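Peer 1: Before I ask anything, let me first share the structure, which is written out below as structure tokens.
Taken together, the values in this text are just the output of simple stated rules run on the coordinates, not laboratory data. Treat the numbers as computed from the prediction; the structure is a model and nothing was measured. No Cβ is skipped: glycine too gets one built from the backbone with ideal geometry, and neighbour counts run over all protein chains shown.
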Amino acid sequence: MKPVLIFPLLAFFYSASSQVIKFAIEDSTEKALHEYSWTLREKTVFQDGKNIIQIDKGGSNMAQFAYTAKYSGQEYTITIHKYDEEGNELATNKLDNGERAFGPVPIVTTEFNNRILLFYYRYVDKDSMKLYVSEVDKNDLSLKNTQQLFSYHQKNVGLIGMMSMPGDLRDMVLRTSPDGSKLLLVSMGDGDDIFSIVFDNRMKTVREKITEVPRKSSIQVSDAVVENSGNDIIIFSRGVASDNTSESDEAKLILIQKANNTEQIIDFKTTGEKEVYDIHLKILKKNAKVYLYGEYLGSIFFAGIWLADIETENFKINKPVIIPYPEDFIKRVYDLDFGERRKGNYGIYKTDYEMVEFENGDLALCGTPIQRHEGIKYTLFFAGPVIVSFLSDNLTKNVFTMIPRNQNYSSGSLGVYIPYQNKLIVFYNDYLKNLDGETINDKLNQKGGAIVRELSLAYAVIRKDGAIESRKLIAEGLSRMNPYNTAECKIISNKKIFIPSDAREKKTNIMKVAKITIE
């Protein structure tokens, strides 16, 4: 099969002891194997042999402004296309003849057990919505095996309801079990209930549940996982948390549901004397252990990371392991302008961590602190160093390291973290001057500021002892507002990665794609 990407522009490779990293910057047709979005339109692309099936969400109407905060103004279209490997259109199916009949929650698509599935809400009337799942027929693009899953009736909430969470923020959450045998869907109703359903690999229902949640303020599902057994864990919050402060009124709630339909909600706001923040979930492939993890608040901003494993069958969250930032490390982050100091105490700004699992079961938490600067007219965000914490020997050993950075926050500021044997490969963007040469130190040639500079794409190989073994420039920046979008990175496997540019070039209408392989 020919690749979807065409016109190679630049190609290199780098060899270092145990791995060879090859990369090429190529022009892409709009049928490339990655997902991108822009105002009021989204596309999702699936490969079907030599052909490509693309599902489009068309432009939505603006939110309806009336004395009731109803969602009936948030409607969109769904169109399914089929292209051959040369980009020629073979078939098109405009659902409901192209009418805006879907919404308010955005559609979710996935490929599960060789099926392309489409989860979507339809309006029954202006107040009622029904949730369906359909399989896309790969031959004629029709919908088949449609199942109605859930429905709710929107309440008349009056003027106060105008401030409620709009439909486009109530995204459905979709997760697959580690062995690929189960599929979990989580969706919210009218604000005080959470719908969840688990399918097996034949799309038969394993468990279905509507959980009533007493509402004090806005409720939002932030993460979920499903185990191979069909048990699932859902994280949701009630309230709004403050960024970069030592105070939070966010209620962190863990909903544990078992395949036999029993369930329990656990309030996980504190871990003893430490207040946890930004809870995430991860199921390990090696031993199927489920971890909660994130950062915790100190006397000023954030003082370290924490992890806690869950015993689903017993509805139990074990005592968290608390890992403080080393003093010298937290001072380094502070010196890069991504921390605070008060009365001799240091803290790091909010860091949204991602867990990485190595083949031997070791773990790493990786992320970037974000600084928010309130200006007179604008709010500016800056992205800091790439932080990595290596955890081994059942979490008894840890090493903190970082790649120093200070840049204007953009779609290219997030890192992409790939475990390779006993090392971590990080793909990231930085100013070109900081990528000159092999030496990495805390003295930055350029820092983020009001003037947005081009960001260039690079990678670094980091050992578990924290040493940055090597670093290589992949591609120079495209333009000030068009970096390589690591947030939209497509990880095909641990050895094949696509990182698209954030936007098309204005003159050529071409999107660049960094095509990376690890051997």
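Peer 1: Taking a 24 Å limit on the Cα-Cα distance, which of the listed pairs K94/K138; K258/K490; K286/K319 fall beyond it?
Peer 2: Distance filter (> 24 Å) returns K258/K490.
Peer 1: Which of the trypsin sites (Lys or Arg not before Pro) found in the stretch 346-387 are loop residues per DSSP with 14 or fewer other Cβ atoms within 10 Å of their Cβ?
Peer 2: Answer by residue number: K377.
Peer 1: Related question: Quote to one decimal, in nm, the extra length available between S222 and E374 on full extension: 0.36 nm per residue of separation minus the C-alpha distance between them.
Peer 2: 52.1 nm
Peer 1: For K443, which lysines qualify as cross-link partners when the Cα separation must be under 18 Å and same-chain residues fewer than eight apart are set aside?
Peer 2: K331, K433
Peer 1: Right, something else. When Lys and Arg each count +1 and Asp and Glu each count -1, what net charge do the other residues less than 9 Å away from N406, Cβ to Cβ, add up to?
Peer 2: Computed value for this residue: +1.
Peer 1: Under 20 Å between alpha carbons, and skipping anything fewer than 8 positions from K397 in its own chain: which aspartates and glutamates qualify?
Peer 2: Those aspartates and glutamates meeting the cut-off are E295, D309, E327, D328, E354, E357, E359, D362, D465.
Peer 1: With the Cα gyration tensor of the stretch 381-519 giving a ≥ b ≥ c as the square roots of its eigenvalues, does the rule (a/c under 1.5 for rounded; else a/b larger than b/c for prolate; else oblate) give rounded, prolate or oblate?
Peer 2: oblate
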